[in-house]
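The values are calculated or read from the model by the stated rules, or taken from the named source; none is laboratory data. No experiment lies behind these values; they were computed from the predicted model shown. Because the Cβ atoms are built from the backbone with ideal geometry, glycine has one as well, and the counts that use them run over all protein chains shown.
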Amino acid sequence: MKLKALFNKLVSLFVLFPLAAQAEWGLNLRQGATEISQKVYDLHMFTLWIMVAIGIVVFGLIFWSIFYHRKSRGVKPAKFSHSTTVEIIWTAIPIIIIIALAVPATKLLIAMHDTSGSQVTLKATGHQWKWQYDYLDEGLTLFSNLDEKSQEIRQLKSGLNPQDHENYLLDVDQPIVLPINTKVRILTTSNDVNHAWWVPDLGWKRDAIPGFTNDNWAIIEKEGTYRGQCAELCGKDHGFMPIVVKAVPMDEYKIWVAEMKAAQDAKKNTANIVLTKEELMTQGEAVYKKVCLACHQANGQGVQGVFPALAGSAVAIDPANRLGHIHRIIYGKNLMPAFGEQLSDVEIAAVTTYERNAWGNNTGDEVQAKEVSEARNK
Amino acid sequence: MAAKTDIKKTSLVLAAITVLMFGFGYALVPLYNVFCEITGLNGNKAISVVSETESSEIAQDRWVDVQFDSNVNGDLPWRMKAKQINMKVQPGKFYEATFTVENMKNNDVVGQAIPSVSPSQASLYFKKSECFCFVNQLLKAKETKDMVVRFEVDKDLPEAVEVITLSYTFFRAKAGNS
Amino acid sequence: MSTLAHEHDHAPSGLKRWLCSTNHKDIGTLYLIFALTMFFVGGAMAMVIRAELFEPGLQYVDPQFYNSMVTVHALVMIFGAVMPAGVGLANWMIPLMIGAPDMALPRMNNMSFWILPFGFALLLSTLFMDGGAPAGGWTMYPPLVLQTGDAFPFLIFAVHFLGISSIMGAINIIATVFNMRAPGMTLMKMPLFVWTWVITSFLLIASLPVLAGAVTMLLTDKYFGTSFFDAAGGGDPVMFQHIFWFFGHPEVYILALPAFGIISQVIPAFARKPLFGYASMVYATASIALLSFVVWAHHMFTVGMPLKGELFFMYATMLIAVPTGVKVFNWMATMWRGAMTFETPMLFAIAFVILFTIGGFSGVMLGMTPVDFQYHDTYFVVAHFHYVLLTGAVFALMSAVYYWLPKWTGYMYDEKLGKIHFWLSAISSNVLFFPQHFLGLAGMPRRIPDYNIQFADFNMISSIGGFAYGLSQLLFVYIVIKCALGGKKAKDRVWEGAKGLEWYVPSPAPHHTFETPPKLTKEMLEH
């Protein structure tokens, strides 16, 4: 069955190749959405064509030799073994070509380093495995995780088809919004290991390193949604922490910021929400899928030797550890990140309830937001 | 057949180079720091604490925007916030900025802050006379502390730099490193 | 012919011959067999990688194990396959090429080989540990590598052992070449293969101890409270990258220079024409080696360096294209107006020149900082270094094996099968790696186990190429075994146009050669 599907796929691959070549197959660097990305593309093409030209000459001469200077044609080998003139020429020509490439590259690099005149500053902080964004001028913080649909499909042997999701692994639960035609400084740093923030349409990537703040900038010229990924190996889920940037006009951006800030404030005051056990379990499962599942796995078994199991673990079933359990989520421990800032009281309450009742951890415990709020002060 | 002594000599010289290069690997650590101080590489290395001498010539018409940013690394249960989002400063003058740091946990925790200045070319011109970084800071259970940095932007700061971000990251202090 | 060799030729037999051997030919054989074994171990991991990437979605392995495969594949291929294969060839051929009876330090030679299996036992045992094998990439960047579980000390000590082995091999080669050349074999008369190995050996001695230092710092950072790379203690994770690549870039040439040497032996032999520009070849090799110590930061442009730093490393990197270009042009001119035949070694050598040059083109592109910000850590880089390492270094090693195999075994290999092996390898490796250029440009990062559907088609093609390449190498094993067991007797001078002292000893080369230094004639010194 699978073989047949594979066969069909291969047939379509080769039959459709000429048709599909232009449309869907990304063959080349993207021209992107900024002046810089366009210039990077131009320099890439310029270099590429020079390389192609050198290739044609060098490979052409080699193939000429192969066809005409072969023993089977009865040629007698020449005896020459050096020629100072020729050697000087072919040392000089590469030097000239290199200079021809270095000049535009230097100009472009200087332009890329010029962060002056920026109006908005965004800080992207890499976490294992999500991005945190701070709009420094606005005091707005948000987290961006892999979207739920991709999350489900990408589980090992999930049986779900990635073809059903156009933006598979390139979508997030909370995209960021940036204004167009505005110089945005984008700072990158990390909370744990090295990451790299890369949206190809902006024309660059930059490492996110703990303790360091790198900066770069972009003026996005076209409205649209631009997608990217983490580009520095950062552990198990390196491939699953995409970046989505929505570029909109300045006034829309301002409205979005205001809405997000209101939502951020609302999240701070959830201590008094009371939910039923069922509501806690459904919300808890959703939170678990979003932020816990990557390490502790869908079945709560974790990964042996790296990420501890929650199913049957003392932290999640022992009544004496109930507060410890909540604290672990709020503050983290070693590899386990702190979620106190990212999750609201009610979200932490829900996920704690879920973890204490799922996968046979049938403690019957019900944790409400108030308890979490109090735990923050204990 | 070559003399055995020649072979021995060559091998000993090469073994000595090997040992030297192993040492050189370690020598790269201080060399790298010197290199960073000269070039401003990586932002944080160049920031040495200077004594405060008010510069005589202050560029009256030049204002630089200094942004304050804070990070808490890994599993350190602290919250850190700059009291001011940004400050307009004049190169050559000293200013004071305050960060509020809060230990959210009910036990004592020791942290240590690392500063970073971006853009990196600005780090050579960002001078501090007082800082809470690079030393262990103890926060008692639930304690909140104000931490102060006094700084000056050098008047030789390149014209192109209009915004400087001073970013602190608090790390959990390494055990046995007090 | 055989007056140069000894008539009483009896090698010790049994297990002892191999365990305690101090004979350069036996140790060379051990190195080559070990390298081939590791080539298949690393290759099996590559097959796991390509199988997982065959289709989007996670079908076979979890992401952590995938990362382990990527990491261990690289370490095995670099330290287990390509480097030992080069050392094996050096062991076998350098004494024969310079008229020496053996390597200068035969007992150390034995030790430097037997450290290798031990080092790899350490490394590969981590695959069965709690928390799995190292998964932070072969570049071992902190802080990620410090999250490695029980495998961590094994990784560090394995790297130490492999480094010690290589350094011992390098010392031996230099000691041999400097002290044991036959009278009349002056430095500028030496075959280029010997020259490239001398320069490679200096690179090894200068760069591997630095890696040893860097990984030792990692070890003390993790277990002994130092803070070399830990920002929390005032250290700097980026500094590791600087130190690592100070080793890492010369390492690239440690893999490539012996390949240059091989090609400079093979092409003149089958073009029946002297090597063009011998002296400039030597100087070009030396300048590539020197330049390799001042370009390291081009591997890490995206860490955020000051403008001046980025410019310096960009210019220095682009400069490497000049001596490398000289080499390619010299090979081209060696073929020009020759009388070429196309036996398997020559086919691999020509493919090397063309495909390595393609890798060089993408290398120049990657060296340009502003565009590297796009290429960095994408499949474009993966394509680049596999072009220079697989269709580059490995193809040259294949060429060398076919070239000297009759000298080693005394029998001709099956030329027809050899050619089939070549064509299968050349075609499949291009199907494997060429589409990866497109993947990288279109935006696929490297070291990811799963990808968006827009990358699906090229990944599938690449995987098909990968499986075909992997399978084709089984044919190589068959050819080598068949040749070792028998076949057409090889002449002493196996190839009509082959130059060099090694062709003046009988085929197979007797256990002991040149026990009294040969009297060199003018023909013996041609290249």
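Quick check on the range A:59-80: of everything there that is more than 7 Å from chain C (Cβ to nearest Cβ) and of a type in the set (G, A, S), which residue is surrounded by the fewest Cβ atoms within 10 Å (Cβ to Cβ)?
A:G74
Whether any residue in the range A:260-270 is at pLDDT below 90, surrounded by fewer than 24 Cβ atoms within 10 Å (Cβ to Cβ) and in a loop (DSSP other than H, G, I, E, B) is what I want to check.
yes
Determine the pairs where a residue that is part of a helix (DSSP H, G or I), located within the range A:35-52, has a partner that is surrounded by fewer than 17 Cβ atoms within 10 Å (Cβ to Cβ) and of a type in the set (A, V, I, L, M) with Cβ atoms under 8 Å apart, the partner being 6 or more residues away or on another chain.
A:I36/A:A111; A:K39/A:A111; A:I50/A:A100
For the range C:97-141, which residues satisfy the criterion of being surrounded by fewer than 21 Cβ atoms within 10 Å (Cβ to Cβ), away from chain A (no Cβ under 11 Å) and among the hydroxyl-bearing types (S, T, Y)?
C:S125
Output the residues belonging to the range C:222-234 that are surrounded by fewer than 21 Cβ atoms within 10 Å (Cβ to Cβ) and not charged (D, E, K, R).
C:Y223, C:F224, C:G225, C:T226, C:S227, C:G233, C:G234
Given the conditions (1) touching a Leu at 6+ places or on another chain (Cβ under 7 Å); (2) hydrophobic (A, V, I, L, M, F, W, C); (3) farther than 29 Å from C:S21 by Cα, report the number of the one that C:A498 does not fulfil.
(1)
For the range B:120-143, give me each residue that is within 13 Å of another protein chain (Cβ to nearest Cβ) and assigned to a strand (DSSP E or B).
B:F126, B:N136, B:Q137
Being within 8 Å of another protein chain (Cβ to nearest Cβ) and in contact with a Phe, Trp or Tyr (Cβ under 9 Å, 6 or more places away or on another chain) is the filter here, so list the residues in the range C:163-179 that pass it.
Passing the criteria: C:A170, C:I174.
Pairs under 7 Å by beta carbon, first residue touching a residue at least 60 places away in the same chain (Cβ under 8 Å) and at the interface with another protein chain (Cβ under 7 Å from one of its Cβ atoms) in the range A:223-252, partner of a type in the set (K, R) and part of a loop (DSSP other than H, G, I, E, B), six or more apart or different chains?
Close Cβ pairs satisfying both conditions: A:H238/C:R447.
Results for (1) more than 15 Å from A:W64 (Cβ to Cβ); (2) facing chain A (nearest Cβ under 10 Å), shown as yes or no for each residue.
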residue: C:M340; (1), (2): no, yes
residue: C:T344; (1), (2): yes, no
residue: C:L347; (1), (2): yes, no
residue: C:F352; (1), (2): yes, no
residue: C:L355; (1), (2): yes, no
residue: C:I358; (1), (2): yes, yes
residue: C:V364; (1), (2): yes, yes
residue: C:V371; (1), (2): yes, yes
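How about the range C:47-76: which of its residues are touching a His at 6+ places or on another chain (Cβ under 9 Å), buried (at least 22 other Cβ atoms within 10 Å of the Cβ) and farther than 18 Å from A:Y168 by Cβ?
C:N67
Using the structure shown, decide if A:K289 is surrounded by fewer than 20 Cβ atoms within 10 Å (Cβ to Cβ), in a helix (DSSP H, G or I), in contact with a helix residue (DSSP H, G or I) (Cβ under 9 Å, 6 or more places away or on another chain) and touching a residue at least 40 places away in the same chain (Cβ under 8 Å).
yes
Looking only at the range A:115-146, filter to residues that are assigned to a loop (DSSP other than H, G, I, E, B) and without any contact (Cβ under 8 Å) to a residue 60 or more places away in the chain; which one of those is nearest to the chain's Cα centre (by Cα)?
Result: A:L136.
With the requirement that a residue be more than 9 Å from chain A (Cβ to nearest Cβ), in a loop (DSSP other than H, G, I, E, B) and among the acidic types (D, E), what does the range B:144-169 give you?
B:D154, B:D156
Are there any pairs, at least 6 apart or on different chains, whose C-beta atoms fall under 9 Å, with the first in the range C:219-239 and in contact (Cβ under 8 Å) with a residue 40 or more places away in the chain and part of a helix (DSSP H, G or I) and the second buried (at least 19 other Cβ atoms within 10 Å of the Cβ) and among the charged types (D, E, K, R), and if so, which?
C:D221/C:D230; C:P237/C:D230; C:V238/A:D207
For (1) of a type in the set (S, T, N, Q); (2) in a helix (DSSP H, G or I); (3) in contact (Cβ under 8 Å) with a residue 24 or more places away in the chain, each residue gets a yes or a no:
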site: C:G131; (1), (2), (3): no, no, no
site: C:M140; (1), (2), (3): no, no, yes
site: C:L155; (1), (2), (3): no, yes, yes
site: C:W197; (1), (2), (3): no, yes, yes
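Can you name the helices (runs of 4 or more DSSP H) wholly within the range A:313-378 that have at least 1 residues being touching a residue at least 24 places away in the same chain (Cβ under 8 Å) and closer than 17 Å to A:G300 by Cα?
In the range A:313-378, the matching helices (runs of 4 or more DSSP H) lie at A:314-317, A:322-331, A:345-357.
Residues that are among the polar types (S, T, N, Q) and at the interface with another protein chain (Cβ under 7 Å from one of its Cβ atoms): find the strands (runs of 3 or more DSSP E) completely inside the range A:147-205 holding 1 or more of those.
Because the criterion is at least 1 residues that are among the polar types (S, T, N, Q) and at the interface with another protein chain (Cβ under 7 Å from one of its Cβ atoms), the strands (runs of 3 or more DSSP E) in the range A:147-205 that meet it are A:183-190.
Could you say which residue among C:V159, C:V210, C:V194 is over 19 Å from B:V19 (Cα atoms) and either at pLDDT below 95 or not charged (D, E, K, R) (or both)?
C:V194
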